[in-house]
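Take a look at the structure set out below.
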Amino acid sequence: MKENIIATVVYLIKDNQVWLAEKTRKIGVGFLNGYGGKFEPTKDHDLIACSMRETKQECGVGISRASFEKVAIVDFHNMEENGSTWICKVHFYLVKNFKGVPKEIKKDGGMINPHPYNMFRLPISKMMPADRNFVHHLMRGKKVIGEYFYGPKQKELIKGWNKIVDSLPE
């Protein structure tokens with residue numbers, strides 16, 4: 001059984017445009033997503049540090065700690081082809097103040113074709129199946145908790161739920 005992980009996703013927003021890019025490795029290959037990745041206790045002293053490191057690595061954008069707004073915590077239950085499951089607890093952030101323009105990082109960036117999209121008309125059909133159910137709430141200033149269950153390779157969404165909340169735990 002694979003070990004459960006903690007990860008982050010950062011949505012970079014400027015002038016009502018959210019930057020999304022296509023994932024090229026690990027969870028969500030081929031889908032549009034924000035930037036982020038796995039929390040590494042040996043590299044990151046907290047989730048913000050993880051988000052800063054991963055965003056810089058994936059698109060070259062620098063972000064100050066004060067720019068992060070936590071908007072969701074979602075547990076994704078992922079099924080392996082052998083039937084075993086593992087959970088990825090993802091902390092989602094909006095960042096409206098950042099330095100630079102997201103670009104494709106050739107060396108192991110994991111994301112290609114960064115592009116700004118209208119944050120109120122997202123390309124939902126090109127995003128991860130579970131994300132289609134809650135990301136629009138995040139773009140409208142709502143905070144969300146949720147839980148989703150995926151089949152093998154995160155291609156099939158089996159079931160899930162999300163709830164709009166007033167606040168989130170750190």
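The values are calculated or read from the model by the stated rules, or taken from the named source; none is laboratory data. Computed from a prediction, not measured in an experiment: that's the story for all the values here. Every residue, glycine among them, receives a Cβ derived from its backbone with ideal geometry; neighbour counts consider all protein chains shown. For accessibility, only protein heavy atoms count, side chains too; no ligands or nucleic acids. Shrake-Rupley method; radii C 1.70, N 1.55, O 1.52, S 1.80 Å.
Looking only at segment 1-37, filter to residues that are in a loop (DSSP other than H, G, I, E, B) and of a type in the set (Lys, Arg); which one of those is least open to solvent (accessible area, probe 1.4 Å)? Talk me through it step by step, then tell me what you get.
First, the residues of segment 1-37 that are in a loop (DSSP other than H, G, I, E, B): 1-4, 15-16, 24-31, 34, 36-37.
Cutting the leftovers down to of a type in the set (Lys, Arg) gives us 2, 25-26.
Values: LYS2: 101, ARG25: 65, LYS26: 159 Å².
So the residue we want is ARG25.
In the set (1) open to solvent by 10 Å² or more (accessible area, probe 1.4 Å); (2) within 16 Å of the chain's Cα centre (by Cα), PRO152 fails one condition alone, (2). When ALA49 is tested against the conditions (1) over 13 Å from the mean Cα position of the chain (by Cα); (2) among the aliphatic types (A, V, I, L, M); (3) over 20 Å from CYS88 (Cα atoms), the lone failure is (3).
Table: residues versus (1) open to solvent by 30 Å² or more (accessible area, probe 1.4 Å); (2) in contact with a Lys or Arg (Cβ under 8 Å, 6 or more places away or on another chain); (3) within 14 Å of THR8 (Cα to Cα).
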| residue | (1), (2), (3) |
| --- | --- |
| PHE39 | yes, no, yes |
| ASP46 | yes, no, yes |
| SER67 | no, yes, no |
| GLU80 | yes, yes, no |
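For CYS50, are the conditions met, namely being touching a Phe, Trp or Tyr at 6+ places or on another chain (Cβ under 6 Å), part of a helix (DSSP H, G or I) and either at pLDDT 95 or above or among the aliphatic types (A, V, I, L, M) (or both)? In short, yes.
Going by what's in this entry, would ILE87 be described as of a type outside the set (Lys, Arg), touching a residue at least 12 places away in the same chain (Cβ under 8 Å), under 18 Å from LYS23 (Cβ atoms) and surrounded by fewer than 17 Cβ atoms within 10 Å (Cβ to Cβ)?
Working: of a type outside the set (Lys, Arg): yes; touching a residue at least 12 places away in the same chain (Cβ under 8 Å): yes; under 18 Å from LYS23 (Cβ atoms): no; surrounded by fewer than 17 Cβ atoms within 10 Å (Cβ to Cβ): yes.
In short, no.
Out of VAL74, VAL144, VAL95, report the one residue that is surrounded by 19 or more Cβ atoms within 10 Å (Cβ to Cβ), under 20 Å from LYS23 (Cβ atoms) and either out of contact with any Gly (no Cβ under 7 Å at 6 or more places or on another chain) or free of Cβ contacts under 8 Å to residues at least 24 places away in the same chain (or both). Full working, then the answer.
Values: VAL74 fails: either out of contact with any Gly (no Cβ under 7 Å at 6 or more places or on another chain) or free of Cβ contacts under 8 Å to residues at least 24 places away in the same chain (or both); VAL144 fails: under 20 Å from LYS23 (Cβ atoms).
On inspection, the qualifying residue turns out to be VAL95.
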